[in-house]
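Take a look at the structure below.
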Amino acid sequence: MERSFVHILERRKTEQYAARSNSLLASMVTFTAIDLDDILDAERVLMDGHVILGFTRNGQHLISYQCHIDAAHVYSLHWWRFDLRSPLHHVHSEELFRGEKIEHDLHLIIGQTPDDGFVVVFGSALDRLNEDCRPCYVTVLPSCNVEATTFEKQCTFHFKFELLQPYPPFSPSLSLSLTGCVVLNTGDSLVVLCYAADACQRVPQSAPSSSSTHTHQLFIEPSEGGSISPGYSVSPSQLLLPLEGCTEVCQSTLDIEHWLSNLLHSELTKRGVLFNSVNDYDMQLIEVTSDGHVVFAVTVVLEACKSSSCIADSLTTLIVAVWNTHTGLAECIEFEELKQVCPPHRIRSSTTSLTLELRKMWHTPMSMWSSVRAFSNHTVFTGKSLHSISHPLLPLAVVFRAHQT
């Protein structure tokens, strides 16, 4: 297992170098600029609340989103056919996070899966309405092909979960790298949600009793009118309102607190230390392999002592582990030396030195050639628009000259 871990680390370093090289190459290419006004009634569309995000992987569509505010925030995603010989043409739209009453602005991350089959939209509330958790919303919907009628043949579904402190980030390059699945870090659990029939075969039908994995299998069929009523609740996620057809959704969840407690008890016993309790922890995704292995790391602060009569010490360590989503078993592959810390020591921010170092070690910069095509609406919260959007395949860019703010 250690050799596999080293192999993954070396591969990540190679990918980082390749991504930097691709970025350098892209900066040397001369792009043809196309003014947005030349292919779209931009003033009318933007005044209607559209925010243009970027091109799909194949370059055939531009994607935008709208947010209409009435009694609640209603988000929708839109596809615009891109053709050099004609203006942009609106071909399809989908409501996002259907069934949810959203009362705050969402930071959106939109990712197109490596097989181009689906688009996954992740929305999180930036305002900390609750100090302990943050609502997150996910919509999974089919990608738009050349013919918009393909939307009528596949299922769209929505679900929600609560993200716990210190609010681990959603990384499309990791969360969408497993075909037919979404991998989520909710803060206290890892969730693999499979929405394709072949992907559902990967998750265990029943996890071993010794593991901390729980598996749920759902068969969703539309009621009259094409929607589900009531919504089917699966902890920690909630599936809501599939639109068309029948689909099978499988969810496998690793309960980190249960797994971590068992691991610490075992590891500390080997070291002649009595495990008392976990004070705090921060879990981060490191890698998701194509064969269904999820590599993650946990920074933990715990209470332990050398005998039952002594006062417990506050200790910290870093744990790296692999969760096999096929079997449901999670195995520790690295357990760093325990270090004493001064109580009370809490991990309340994702800016702790250990997690920053870990993210820097494993981070792979996104590029046009990334296996997962992703973009976000982060510029909306800065008060500025994008200057241009580059085509993923052609040396051209759509420029927003007249609409910069």
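Just a few scattered comments:
- Backbone geometry of region 47-58 corresponds, through the Karplus equation with coefficients 6.51, -1.76 and 1.60 at θ = phi - 60°, to 3J(HN,Hα) couplings of 5, 7, x, 6, 10, 7, 9, x, 7, 5, 4, 7 Hz, x marking Gly and Pro.
- Spacing of the modelled spin labels on His107 and Ser385, each 7 Å from Cα toward Cβ, amounts to 2.3 nm.
- Other-chain or far-sequence residues with amide H under 5 Å of Leu396's (modelled H): Thr32, His391
- Loop GluC sites (Glu not before Pro), region 75-111, which have at most 15 other Cβ atoms in a 10 Å radius of their Cβ (DSSP): Glu103
- Residues whose placed amide H lies under 5 Å from that of Val372, excluding near-sequence neighbours: none
- Calculated FRET efficiency for the pair Glu337/Asp116, C-beta based, R₀ 35 Å, to 0.05: 0.20
- Backbone amide hydrogens, once placed in the peptide plane, bring His89 within less than 5 Å of Arg81, excluding anything fewer than 5 places away on its chain.
- Sequence of His387, His158 from largest to smallest accessible area, 1.4 Å probe: His387, His158
- Ranked order, Glu287, Glu334, Glu43 - accessible area, probe 1.4 Å, largest first: Glu43, Glu334, Glu287
The values are calculated or read from the model by the stated rules, or taken from the named source; none is laboratory data. As the structure is a prediction and not an experimental result, all values here were calculated from the model. Positions of Cβ are backbone-derived with ideal geometry, glycine not excepted, and every protein chain shown enters the neighbour counts. For the accessible areas, the whole protein counts, side chains as well, though only heavy atoms, and no ligand, DNA or RNA atoms are used. Shrake-Rupley method; radii C 1.70, N 1.55, O 1.52, S 1.80 Å.
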